[in-house]
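Engineer: Take this structure first; my questions come after.
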Amino acid sequence: MYRQIWLQGGVAATGSQAEQELLQSGLVIQDNDRIKRSSLERHIFNDCWIENQLVRLQPYSKIRLKLSGLEMKASLPYKVLAEITSWTNGQPFLTQKVYQIIREHKSFIPRNQEAEQVAELVYKYVIDRWETSIAAPHLLRLSSQFLTFSLGNKPLLLSYQEIWHSHQVPFNRSPEQEYLLDIGLIKLDQGQVKIANRIYHCIFDHIWLEEQM
């Protein structure tokens, strides 16, 4: 809640217990029907402090941060991890490769530039010229699996096309959807299937699909 207040400048007062505890701490104040940041040690209890506390309170995130080796590559390495996950959706090979790219890149990622710089590195070293990129072995294998099954199988192409354009469609247990799930190109989420991650969505896009058709 404090992070939300910090980022937005204020939120509507609801009377919740978390809100009352923040008011008692002095970190926030109530102004009519709004809860806002106070001036108390604002330079200490800032966004960097908030993210560090979130890491401390989430053991799995702390482990991920340790394994990624990104502690010294960004002002807010936890936010960098979140941005990486937004691209890979946790796909192990892609996630490790993006970790490697950021570790080996000479630049340091300052706060508030996490989304921009992670996206720039992902496009430069994974998506652009993906057939020869750092992730080429995985991506070429996935492409080959799709194309092998799609030869003479127009329903598979049409099924993937529908999922790509619609972003998500109901899971219908068709052989085409089952195969796309098996190879990992799509994922199942609460009865809907969608492209498994943003990197796949950018690489195996409508242009690539039209070429296969």
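The values are calculated or read from the model by the stated rules, or taken from the named source; none is laboratory data. Just so it is clear, the model here is predicted, and its values are computed rather than measured. Here Cβ is always computed from backbone atoms with ideal geometry, including for glycine, and neighbour counts include all displayed protein chains. Keep in mind that these areas ignore ligands, DNA and RNA; they rest on the heavy atoms of the full protein, side chains included. Shrake-Rupley method; radii C 1.70, N 1.55, O 1.52, S 1.80 Å.
Engineer: In whole percent, what relative contact order does the chain give with Cα contacts below 8 Å and a gap of six or more residues?
Structural biologist: This gives 13 percent for the chain.
Engineer: Could you do me a favour and compute the accessible area per residue for the chain, 1.4 Å probe, result in Å²?
Structural biologist: Here the residues of the chain average 56 Å² of exposed surface.
Engineer: Using helices alone, what [θ] at 222 nm do you get for the chain, with -39,500 (n - 2.57) per DSSP H run of 4 or more residues, divided over all residues and rounded to the nearest 500?
Structural biologist: The helix contribution divided over the chain gives -16500 deg cm²/dmol.
Engineer: Can you give the angle from 0 to 90° between the axis of helix 136-150 and the longest principal axis of the chain, with both taken from C-alpha atoms, to the nearest 10?
Structural biologist: That helix lies at roughly 50 degrees to the long axis.
Engineer: Leaving ligands, DNA and RNA out of it, report the carbon-plus-sulfur percent of the accessible area of the range 152-213 at a 1.4 Å probe. Before the final figure, lay out the partial values.
Structural biologist: On the way: 1560 of 3300 Å².
The value for the range 152-213 is 47 percent carbon and sulfur by accessible area.
Engineer: Provide the FRET efficiency to the nearest 0.05 for the residue 116-residue 147 pair, computing r from the beta carbons and using R0 = 30 Å.
Structural biologist: It comes out at approximately 0.35.
Engineer: Per the Kirkwood definition applied to all pairs of different Cα atoms, how many angstroms is the hydrodynamic radius of the chain?
Structural biologist: Here the Kirkwood hydrodynamic radius works out to 19.9 Å.
Engineer: If ligands, DNA and RNA are left out, what is the accessible area of residue 128 with a 1.4 Å probe, given in Å² to the nearest 10?
Structural biologist: 70 Å²
Engineer: How high is the FRET efficiency from residue 129 to residue 188, r the C-beta distance, R0 25 Å, rounded to 0.05?
Structural biologist: 0.20
Engineer: So, one more: Can you list the aspartates and glutamates whose alpha carbon sits under 14 Å from that of residue 66, skipping same-chain ones fewer than 8 residues off?
Structural biologist: none
Engineer: Describe numerically, in nm with one decimal, the distance between label points set 7 Å from Cα along Cα→Cβ at residue 181 and at residue 72.
Structural biologist: 4.5 nm
Engineer: Can you give the extra length, in nm with one decimal, that the chain gains between residue 206 and residue 162 once fully stretched, where that is 0.36 nm per residue apart less the Cα-Cα distance?
Structural biologist: Values: separation 44, 0.36 × 44 = 15.84 nm, distance 1.02 nm.
So the extension gain works out to 14.8 nm.
Engineer: May I pose another question? What is the Cα centroid distance between the range 90-134 and the range 157-194, reported in whole angstrom?
Structural biologist: Spelled out, the Cα-based centre of one part sits 26 Å from the other.
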